[in-house]
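The values are calculated or read from the model by the stated rules, or taken from the named source; none is laboratory data. As the structure is a prediction and not an experimental result, all values here were calculated from the model. All Cβ positions, glycine included, derive from the backbone under ideal geometry; neighbour counts span all protein chains shown.
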Amino acid sequence: MAFSFLKKGAESAALAKKQAAEAEQRRQEQGKMFRFWLKENEEARITFVDGDLSKEGYLTPDRYYEHNLYLNGSWNNFFVCPEKTNPDAKDTCPICVSGDRPALVALFTIIDHRSIPSTKDKSKVYKDTKKILVAKPQTFEILNKIAVKRGGLANATFDVSRIGDKSASVGSMFDFVEKKELAVLQGMFMAEKTDPKTNVKSKVTNFAPADYEKEIVYRTGAELSALGLGKPGETGESSPPPQQKADYANEL
């Protein structure tokens, strides 16, 4: 029997369903803030926008469980685990079923002070960009110890370094630089905003925590399955390379 590459019947419908789900995924993730990360042996100066201490004297950031998958040659595929993040819903996570274990992550908003040239417009340089720093448990413990010592992370500036390719992508060393008053920082980092109704432009501070509910896309188990996630071998990679994050600067 001759081989046919054409998908027919149920296979055709399944392919169309998956394509629609992937298109919806791209639509949902458009306009989202970039994640902060460093290449091996890279350094950056950052300022934390949030990270106040609780009444008990430690950090209590927003958290959730996250899967990081190697898909289409890239590790930059992050998915909230609905099963562990929201156990009351009793929603089965297909990625967990496939054997991948999610990590508990904590969220912080930072200002990345690096100057990053745009790959789309060579004359344009991005500086003081607001990003999300996603910290896994080991990094969180480092940050919590620093926060207790410094009276919180909010409004504090650090020189961050990533030493070694096995270290956390957000950095393994945080050297304190200074801490300024909130009002000063709010005035230093301003952004232009356009009113969608009146089209009037105004200046507003960019030094404000991210709206994590909008920035992080939550999907149910069914929605993850519709993307074709959770099936062993779905990536097409029998042995993915060591985890290496893509250069987000290329997307600026």
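Worth a mention:
- Verdict on Ile111 being over 24 Å from Phe48 (Cα atoms), at pLDDT 95 or above, touching a strand residue (DSSP E or B) at 6+ places or on another chain (Cβ under 9 Å) and aliphatic (A, V, I, L, M): no
- Meets criteria (over 19 Å from Ala135 (Cβ atoms) and assigned to a loop (DSSP other than H, G, I, E, B)) for Leu185: no
- Within the stretch 190-208, considering residues that are hydroxyl-bearing (Ser, Thr, Tyr) and under 30 Å from Gly51 (Cβ atoms), the one modelled with the highest pLDDT: Thr205
- Residue tally, condition more than 22 Å from the chain's Cα centre (by Cα) and free of Cβ contacts under 8 Å to residues at least 40 places away in the same chain, over the stretch 147-179: 6
- Failed criterion for Ile146 (all others in (1) in contact with an Asp or Glu (Cβ under 7 Å, 6 or more places away or on another chain); (2) surrounded by 17 or more Cβ atoms within 10 Å (Cβ to Cβ) hold): (1)
- Evaluation of Ser169 against (1) surrounded by fewer than 14 Cβ atoms within 10 Å (Cβ to Cβ); (2) at pLDDT 90 or above (one fails), failing number: (1)
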